[in-house]
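Please read the structure below before turning to the comments.
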Amino acid sequence: MDLSKILTIAGRSGLFRIIAETRNGFVAESLADGRKIPVFATDRSSILEDINIFTAEGEMPLKDVIWKLYEHEEGQPVSVSKKEQSEAMAKFEEVLPEYDKERVYFSDVKKVFSWYNILLEKDLISKPEKEEDQQHEDKEGEDQEAKEETKAKEDKKDEKQ
């Protein structure tokens, strides 16, 4: 799940996709209705990839929380009344029992549920890659590059002789 181009903008409802960069910011498209809007450097915006949820052990990336929610809800939208705080918090605790109850507020949970529903509707939810897997793949790629570089040097050496 690539959330690096999806953002939220303070004062605007919904999520937006970055479609172009400008001198003063960028142009974003609403995921809800497709309208394009300018987003300036002075606007308070956050890319979803950079958002974490506080847990007892530290922080968990939003994409992992959304994936847990997707698995818990079996790919169905979350339907929690916005007025029923205890119900929403109980559902969030089922999904992420280790969340920090002192630093994660009802407003945060409402946003996560709302973002989950939008991403689900737009079919943007997929299993996140584990960092270890990515690092392992990067290491294998580096090893392969080093082997190719060594072989190229040996070939040049053989040509000189």
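The values are calculated or read from the model by the stated rules, or taken from the named source; none is laboratory data. Keep in mind the model is a prediction, meaning the values are calculated, not measured. So basically every Cβ, Gly included, is an ideal-geometry build from the backbone, and we count neighbours across all protein chains shown.
For the reader, a short list of remarks on this structure follows.
- Residue within segment 30-42 that is under 20 Å from Ile125 (Cβ atoms), in contact with a Phe, Trp or Tyr (Cβ under 7 Å, 6 or more places away or on another chain) and assigned by TED's automatic domain parsing to the domain that holds Gly11 present: yes
- Filtered residues of segment 69-115 (kept if in contact with a Lys or Arg (Cβ under 8 Å, 6 or more places away or on another chain) and not in a helix (DSSP H, G or I)): Val78, Val80, Lys82, Leu96
Every residue, every condition in (1) in contact with a Ser or Thr (Cβ under 6 Å, 6 or more places away or on another chain); (2) of a type in the set (A, V, I, L, M, F, W, C); (3) loosely packed, with under 11 Cβ neighbours inside 10 Å, yes or no:
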position	(1), (2), (3)
Gly11	no, no, yes
Lys36	no, no, no
Ile51	no, yes, no
Ala56	no, yes, yes
Tyr70	no, no, no
Gly75	no, no, yes
Asp108	no, no, no
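- Of the residues Arg35, Arg17, the single one that is without any contact (Cβ under 8 Å) to a residue 12 or more places away in the chain, basic (Lys, Arg) and farther than 17 Å from Pro128 by Cα is Arg35.
- Any hit, segment 23-45, residues being part of a loop (DSSP other than H, G, I, E, B), acidic (Asp, Glu) and more than 29 Å from Arg103 (Cα to Cα): yes
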